[in-house]
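The values are calculated or read from the model by the stated rules, or taken from the named source; none is laboratory data. These numbers come from a predicted model, not from an experiment. Positions of Cβ are backbone-derived with ideal geometry, glycine not excepted, and every protein chain shown enters the neighbour counts.
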Amino acid sequence: MATLVELTKNGKRDERFDAECHLAGVTKPTNVCLLIIMSDVFSQLAALSDVLQTESCDLASALQLTATHLQLLREKRRPNILASCG
């Protein structure tokens, strides 16, 4: 965000235009909500991703961790959670 703001002020003409367009899109309330949701999802899946990328990955543990994460994602899809954004 800081880079986009900086480009809108001090960038070349085409950079300013592009930065203004991107900044307008990123700051829309629906996009902010989606960014918050996706950030939460990705941060929760980071642990699973790390386990699956290890050389000595224990598949049974990975499957159990996957099932747990799937349940968490299903809970996040409930309408009452998404309605709070808007």
Residue hits (region 55-75; more than 12 Å from Leu45 (Cα to Cα) and hydroxyl-bearing (Ser, Thr, Tyr)) are Ser56, Ser61
Log entry, pairs with first residue in region 34-50 being more than 16 Å from Leu70 (Cβ to Cβ), second being not in a helix (DSSP H, G or I), beta carbons closer than 9 Å, six or more apart or on different chains, reads Leu34/Cys85; Ile36/Cys85; Ile37/Cys85
- Query: Out of curiosity, is Asp40 acidic (Asp, Glu), part of a helix (DSSP H, G or I) and within 16 Å of the chain's Cα centre (by Cα)?
  - Reply: yes
Log entry, pairs with first residue in region 61-86 being modelled with pLDDT under 75, second being not hydrophobic (A, V, I, L, M, F, W, C), beta carbons closer than 9 Å, six or more apart or on different chains, reads Ile81/Glu75; Leu82/Lys76; Cys85/Pro29; Cys85/Thr30; Gly86/Pro29; Gly86/Thr30
